[in-house]
Amino acid sequence: MPPTSPLDPIYHRTRGLHELNRLMSLRREQRRLQIETYQFLAQCAKRKESPCQQDNSQCVKRMRYSGPDLPEDIWHHIHSLLPLQDAARAACVSQAFLRFWRCHPNLIFSWKTMGLNKVPHKKGGIVRDYNNKVDGIMKNHSGELTLVLTSNEEKYNFPCSLLSNGSGDSIQSLRLVHCSFCPTVGLVSLRSLTRLHLSCVCIINTDIEYLLSDALALERLEIKRCGEINCLAIPCLLQRLSFLGVFGCFGLQMLESKAPNLCSFHFEGKQVQFSLEEPVRSKNLEVVFPNSVCYARVELPFSMPDIETLNVISSCEMVDTPTGPGKFLHLRYLRITFPTWRFSRAYYFSLSSFLDASPFLETFILCISQKEKHGLTFKEPICLRQIPEHRHDKLKNVKITGFSAIRSLVELTCHIMENTTSLECLTLDTLCTQLRCSDGNIDVCLPLDQDVIKGVHNSLLAIRTYIEGKIPSTVKFNVREPCSRCHGW
Amino acid sequence: MATGSGAAAAAADAEEKESGSRMITLTSNEGKAFVVTEASARQSATIRSMVDDGGCVDKGFPLPNVDSKTLARVIQYCDEHGNKEAHTVDERAALAKFDKDFIAELDADKAFLYDVTMAANYLHIQGLFALTTQCIADTIKGKTPEEIRTAFGIEYDLTAQDEEEIKEEDTHA
């Protein structure tokens with residue numbers, strides 16, 4: 001045993017060397033064993049012999065590689081399931097395993113896996129040590145790559161030499177987390193790249209522009225929290241790009257997409273960034289920012305006229321959803337989620353403006369995430385606000401989760417019931433959680449506090465008082481209550 | 001409902017059809033026929049696409065890359081996952097327990113484990129493939145290179161140059 005402590009980086013170095021020395025001394029012994037192994041494998045080959053040509057060639061291959069008894073692609077898959085430390089250790093097993101390690105697709109370097117202990121007073125040195133270690137491994141790497149580094153002060157500079165001289169052209173998927181990336185113009189080439197994911201990566205406008213102009217096979221692009229980017233323009237050259245996700249890039253001021261086949265667009269950030277200069281021919285959109293419901297209702301009929309599926313998530317809405325001139329002539333699926341509760345109690349009815357602007361809507365889902373505080377007293381009647389000429393004859397499914405006894409919500413539900421001739425199914429879920437053990441997504445339902453249970457009683461009373469009587473017999477009506485098994489409902 | 005045991009899947013009784021479920025014949029490379037429910041056979045994406053394409057359901061499907069012993073074991077898995085429901089917590093727990101016992105038994109015989117893995121790969125049975133490859137990966141975890149070589153019968157074939165490179169990586173490191 002080396003005299004150093006396992007917490008000291010030297011320990012790990014020495015251990016590596018120690019391991020290697022042991023291996024080298026074993027080599028002579030191994031040579032002798034080799035002969036025996038060949039005999040053994042020959043036997044294996046014999047056992048597996050079959051008249052089938054394919055099988056025979058496999059046997060020959062097995063003998064030649066004299067290694068693991070499975071095809072290499074399956075071993076690659078198995079190797080990719082290993083945690084980094086195990087994968088690195090297994091590199092010393094054989095040539096085949098060394099090859100698997102060189103292409104190990106998931107390089108996730110934490111302080112711990114690198115055998116480093118982050119000590120505050122020598123942080124600078126440790127960071128350099130960490131970056132050197134990563135570099136040592138990266139230099140021999142090839143193929144698909146997920147490189148996840150630990151956040152630190154000196155960002156590791158991704159070695160672009162890995163992607164130059166044609167070696168980048170075989171890579172299909174690249175995922176980089178916490179590093180800096182400066183692809184050199186003319187050197188880095190990623191012609192087969194179909195998926196690019198950059199998260200917390202230091203990359204500047206001109207570099208990402210260059211990267212995108214070259215990656216013509218790109219199908220999926222995800223950019224998360226890359227603060228240096230302030231302008232993102234997706235060129236029309238990216239004919240195959242179908243998914244674009246931009247999340248939390250708070251430096252971004254302009255976002256533009258000319259990719260002709262973009263069908264899914266996800267955006268999370270500040271509203272000001274989301275100004276689409278030209279209409280985007282995307283059919284699916286997910287937007288997450290404050291006031292996104294209002295924005296979507298006013299702007300999207302013009303900036304995304306082809307939209308078919310819309311998923312809007314908004315943490316707050318400053319004003320009621322306005323009525324306006326634009327119409328969603330292709331919208332079939334609308335889902336609105338409010339993960340917080342910062343809306344006036346009169347807000348919900350204004351969402352009917354969205355429905356009224358979507359004559360071909362088939363599915364409407366509303367997810368509300370908080371409990372009601374001041375519900376209906378159940379004494380006053382609900383008088384429907386009369387809005388003429390808004391009949392829905394395509395809407396088939398309506399689901400409201402987190403339904404509670406709030407007047408404007410009851411009014412919205414009644415408005416839908418009164419004006420929809422095509423409705424097939426109405427589901428009102430009295431809980432805001434989608435997770436129930438009976439649906440199989442969790443083993444035991446989450447506990448409910450007393451306020452929630454009281455709220456559920458009120459919601460059920462509101463449903464019975466105001467809604468149940470309005471539902472035609474042709475509509476399948478589901479009221480979802482708390483779980484009977486977990487909450488003894 | 002078809003019988004749960006695949007090995008006993010009434011190889012000879014191709015006629016024995018139960019109401020509401022089509023039966024499908026799979027033939028191993030040794031020519032042995034196995035009759036399974038369609039639900040069981042559909043666990044394999046390969047067979048599923050052949051059935052959906054209107055392939056020769058009546059004539060059955062020859063599987064030239066799978067021997068009888070392996071096929072019987074693969075069918076055991078498909079029967080369990082194809083014929084049984086997994087809606088309630090208890091049903092899912094029963095399936096998880098089946099998987100655990102199934103893989104524990106396979107793990108004892110590495111050569112057979114490889115055969116089942118290759119069959120799962122060839123037949124595109126995703127759940128079974130994930131189960132066997134994870135089992136092999138788990139065997140590698142936490143072991144020294146020498147232990148891995150012993151466990152899988154692998155010979156040491158690294159060249160001096162490979163060693164130099166590993167050393168380089170490790171000391172750089």
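Summing Cβ point charges (Lys, Arg +1; Asp, Glu -1) relative to the Cα centre of the stretch B:41-172 gives a dipole of roughly 820 debye. With the charge dipole of the stretch B:6-141 set up from +1 on Lys and Arg Cβ and -1 on Asp and Glu Cβ about the Cα centre, the Cα lying farthest toward the positive end among the listed residues B:114, B:72, B:62 is that of B:114. Take each residue of peptide B:132-138, count the partner chain Cβ atoms within 10 Å of its Cβ, and average: the result is 5.
Across the stretch A:187-261, counting alpha-carbon atoms alone, Rg and Dmax equal 11.3, 30 Å. Partner shielding of B:117-125 amounts to 2, given as the average count of beta-carbon atoms from other chains within 10 Å of each residue beta-carbon. Between residue A:253 and residue A:441, how many nm apart are label points set 7 Å from Cα along the C-beta direction? In this crude label model, residue A:253 to residue A:441 measures out at 4.0 nm. Going by Cα centres, the stretch A:432-489 and the stretch A:177-236 are how many Å apart? Their Cα centres are 46 Å away from one another.
Put simply, the amide H of residue A:266, placed in the peptide plane, has neighbours under 5 Å in A:244, A:245, A:246, A:286, leaving out anything fewer than 5 places away on its chain. Database remark: amide H of residue A:337 closer than 5 angstrom to the amide H of A:312, A:313, A:314, A:367 (H placed geometrically; neighbours at sequence offset of 5 or more, or on other chains; Pro and chain starts carry no H). Whole-percent P(r), the stretch B:6-141, all Cα pairs, 10 Å bins from 0: 12, 43, 34, 10, 1. Computed from the C-beta positions of residue B:38 and residue B:100, the FRET efficiency with R₀ = 30 Å rounds to 0.65.
Quick note: the coordinates plus some simple rules give every number you see, no bench work behind them. Not measured: the values here are computed from a predicted model. Note: ideal-geometry Cβ built from the backbone for every residue, glycine included; neighbour counts use all protein chains shown.
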